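These notes are about the structure you will find just below.
The values are calculated or read from the model by the stated rules, or taken from the named source; none is laboratory data. Note that this is a predicted model, so its numbers are computed, not measured. All Cβ positions, glycine included, derive from the backbone under ideal geometry; neighbour counts span all protein chains shown.
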Amino acid sequence: MINILYLIQVAVIFSILYFLYKIFLEKLTFHNTNRMVLLLLIPLSLLVPKLGNLMPSFATSFREVSFPEEVSFESFNQHIEVVELPLVAVTSNYALILALFYFLVVAIFLIRIIGALRNLYLLKRQAEIQHKDGYNLLIAPVPEIFSYFCWIFIPQKMNTTHDAQILNHERSHVQLRHSWDVLIVEVYIAFFWFNPFLYLYRKSLKSVHEYQADNSVLQNGLATEKYMQLLLKSIEASKPNHFYNYFNQSLLKKRIDMMTKPKSNGLAKLKYILLLPVCMVLISAFTSPVHNSNTYSKLINVSTMAQVGPPSLFPVQNASKTDISALYGVIGKHRLNKGKVHHGIDIKANTGTPVVATADGIVAKATSEGNWGNLIVIEHSDGFETWYAHLHGFNSSKDQRVEKGDVIGYVGSTGRSTGPHLHYEVKQNGKRLDPLNYFE
């Protein structure tokens, strides 16, 4: 299954950082630095949510060692109000459909990347290859000159009058390894295709690439006016492929404006420092409150469960022992479990029948897990655990505190199952026990 929350967090962080780039940095003439900043947005957006998730455990550890000695757990719990989150039933079917749609679109984007590389390879096979000054020049049936990695593709009827400067421009793309940037960005877009800012970001990065290549040509002594005339003469009504680096780009006006713009003042570099506090704020923003962390919630709730007995409520609502279809300890005869010892009990019920917590506890797991299907594990006092497998959907989440009788999920047939039922197990200190010994 996909982690929807993480995908959203990455998209939000990326959008915020890119928005800051557009406002404060895009118009600066520090093209090398701008390129580095744009490329850093990708790893930063991927790492900041992870760093935020690490912060609560550190803060929790600090809080634990900082409790005053005179405060007992009993008095501490008297002043703690446990706020129960609203329970939202999310069925596995909806999650599966969402995951399939997401990966289908990802696959389409990845296939496009592979297709572009394949077309390039086929074009290379048709080309006449010339080696010049350490570069591979490929004369091919292309409408205009473009570069990709170490290859420079040249139209068969290229205007030789402008060959030298145009080739210098494309060589700059090759020297600066711009194609690696493009490939990385395309792969990133494939996995975060739902973020509309990514397509603007791609244009911004391509613009910086062109600024760098233009600047490289001008530094070789070519007059700016002559180079702009060359740009104007090269305009053609063709649609470039964004995978490759073209001399003729649709951002001609931006390139001319950047070439004629005065160099940015050195003090303007201070704007780049702005990203540091912003990243720290984002890490803090995506840090879960300390009281929601797993360690802290268990620390608070241990004493409240101290006097609670073992799991004793029947786990399927409005059902009884007569609905048990497989007992604890029997040897399986069905083809799916033939010869295996049954470590719990199976309770037959219709799909969607509510499943309840058999004692007060804390949800340690609520996820899809292999043969178990949708699985919930609840930790109770005295080392007890209860396991609820093959659920159709969840009505609880990890680290949530539940009380005896609360609906935590719904009977289903997910995982390794031949029909709707609940597989229920009881453990104490890791040892499996017969649930029938504990029912009221």
Practice prompt. Tell me, yes or no, whether region 282-297 has at least one residue that is in a loop (DSSP other than H, G, I, E, B), modelled with pLDDT under 90 and not hydroxyl-bearing (Ser, Thr, Tyr).
Written response: yes
Worksheet item: Hey, does region 3-11 have a residue that's part of a loop (DSSP other than H, G, I, E, B) and not basic (Lys, Arg)?
Response: yes
Item to complete: Check Pro56 against each of (1) modelled with pLDDT of 50 or more; (2) within 30 Å of Gly370 (Cβ to Cβ) and name the one condition it does not meet.
Response: (1)
Discussion item. Just to confirm my filter: which strands (runs of 3 or more DSSP E) fall fully inside region 364-412 and include at least 1 residues that are among the acidic types (Asp, Glu)?
Written reply: 374-379, 384-391
Response to the item:
Those residues of region 204-220 that are among the basic types (Lys, Arg) and farther than 11 Å from Leu38 by Cβ come to a total of 0
Worksheet entry | Cross-chain or 6+ apart pairs with Cβ under 8 Å, region 258-285 first and under 11 Å from Leu25 (Cα atoms), then among the β-branched types (Val, Ile, Thr) and modelled with pLDDT of 80 or more | Ser264/Thr29; Lys269/Thr33; Tyr272/Thr33; Tyr272/Val37; Leu275/Val37
Fill in: Residue ID - modelled with the lowest pLDDT, chosen from residues in region 73-114 that are of a type in the set (S, T, N, Q) and surrounded by 11 or more Cβ atoms within 10 Å (Cβ to Cβ)
Asn77
Worksheet item: Considering only residues of region 401-425 that are surrounded by fewer than 19 Cβ atoms within 10 Å (Cβ to Cβ) and of a type in the set (Ser, Thr, Tyr), which is farthest from the chain's Cα centre (by Cα)?
Response: Thr418
Item to complete: Give me the pairs, please: first residue somewhere in region 116-136 and closer than 20 Å to Lys157 by Cα, second residue anywhere and of a type in the set (Lys, Arg) and surrounded by 10 or more Cβ atoms within 10 Å (Cβ to Cβ), beta-carbon distance under 7 Å, and either six or more positions apart or on two chains.
Response: Tyr135/Arg171
Discussion item. It is to be established whether one or more residues within region 195-204 are closer than 20 Å to Lys261 by Cβ and touching a residue at least 60 places away in the same chain (Cβ under 8 Å).
Written reply: yes
Discussion item. Restricting to region 346-355, count the residues that are surrounded by fewer than 22 Cβ atoms within 10 Å (Cβ to Cβ) and part of a strand (DSSP E or B).
Written reply: 3
Worksheet item: Just wondering, is there one or more residues in region 214-222 that are under 24 Å from Tyr18 (Cα atoms), modelled with pLDDT of 75 or more and of a type outside the set (S, T, N, Q)?
Response: yes
Worksheet entry | Scan of region 364-386 for residues that are in contact with a Gly (Cβ under 7 Å, 6 or more places away or on another chain), farther than 15 Å from Ala95 by Cβ, modelled with pLDDT of 90 or more and surrounded by fewer than 21 Cβ atoms within 10 Å (Cβ to Cβ), ordered by number | Glu379
